[in-house]
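*Asks:* Have a look at this one before I ask anything.
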Amino acid sequence: MNQHNKINYLEFPAQDIPATKHFFETVFGWHFQDFGPNYTTFSNQGIGGGFFKSDQQALTRNGSALTVIFSHNLEQTQSKIELAGGKITQAIFEFPGGRRFHFTEPSGNELAVWSDSDKSL
């Protein structure tokens, strides 16, 4: 449901839309709908969004916002990411309230995965 003044949709650049789609379908179970060869939307992940064809990448070192995904088991999610072709860019670390790691997907966008400290130990 659309809510007034709430974040409703996210868009990411993607150098390789088919590879990015396959990665997120395999690792996280996202669903996609294509709108031509240069845009796809995603759903089944908490907030709607899309990937648009671009040579750019969403990286925090370039000032991009960091999208963070929740997991009940960091190690299992990390393994799935690596098997699907993602690259771990920051190993699992602790912070007040939990643990997380950062990764890039096949188009080079940086995301993170976090878990409650009690659930993933």
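*Asks:* Since residue 51 meets every condition but one in (1) touching a residue at least 40 places away in the same chain (Cβ under 8 Å); (2) under 23 Å from residue 116 (Cα atoms); (3) crowded, with 18+ Cβ neighbours inside 10 Å, which condition does it not meet?
*Replies:* Among (1) touching a residue at least 40 places away in the same chain (Cβ under 8 Å); (2) under 23 Å from residue 116 (Cα atoms); (3) crowded, with 18+ Cβ neighbours inside 10 Å, the lone unmet condition for residue 51 is (2).
*Asks:* Does residue 52 satisfy being out of contact with any Leu (no Cβ under 9 Å at 6 or more places or on another chain) and either charged (D, E, K, R) or at negative phi (or both)?
*Replies:* Details: out of contact with any Leu (no Cβ under 9 Å at 6 or more places or on another chain): yes; either charged (D, E, K, R) or at negative phi (or both): yes.
Considered against the rule, which asks whether it is out of contact with any Leu (no Cβ under 9 Å at 6 or more places or on another chain) and either charged (D, E, K, R) or at negative phi (or both), residue 52 comes out as yes.
*Asks:* Return the residues of segment 7-23 that are at pLDDT 90 or above and either within 13 Å of residue 85 (Cα to Cα) or not in a strand (DSSP E or B) (or both); say none if nothing qualifies. Steps first, answer last, please.
*Replies:* Taking segment 7-23 and keeping what is at pLDDT 90 or above, we get 8-23.
Within segment 7-23, 8, 15, 16, 17, 18, 19, 20, 21, 22, 23 meet the criteria.
*Asks:* Criterion first (touching a Ser or Thr at 6+ places or on another chain (Cβ under 8 Å), among the basic types (Lys, Arg) and over 20 Å from residue 18 (Cα atoms)) does residue 61 satisfy it? First the steps, then the outcome.
*Replies:* Working: touching a Ser or Thr at 6+ places or on another chain (Cβ under 8 Å): no; among the basic types (Lys, Arg): yes; over 20 Å from residue 18 (Cα atoms): yes.
For residue 61, the condition - touching a Ser or Thr at 6+ places or on another chain (Cβ under 8 Å), among the basic types (Lys, Arg) and over 20 Å from residue 18 (Cα atoms) - is not met.
*Asks:* Still on this structure, please answer the following. For residue 25, are the conditions met, namely being within 28 Å of residue 1 (Cα to Cα), among the charged types (D, E, K, R) and free of Cβ contacts under 8 Å to residues at least 40 places away in the same chain? Explain how you work it out, then say what you get.
*Replies:* Values: within 28 Å of residue 1 (Cα to Cα): yes; among the charged types (D, E, K, R): yes; free of Cβ contacts under 8 Å to residues at least 40 places away in the same chain: yes.
Here the answer is yes, as residue 25 does meet what is asked.
The values are calculated or read from the model by the stated rules, or taken from the named source; none is laboratory data. It should be emphasised that the depicted structure is a prediction, and the values quoted were computed from it without experimental measurement. Here the Cβ is made from the backbone with ideal geometry for all residues, glycine too, and neighbour counts use every protein chain on show.
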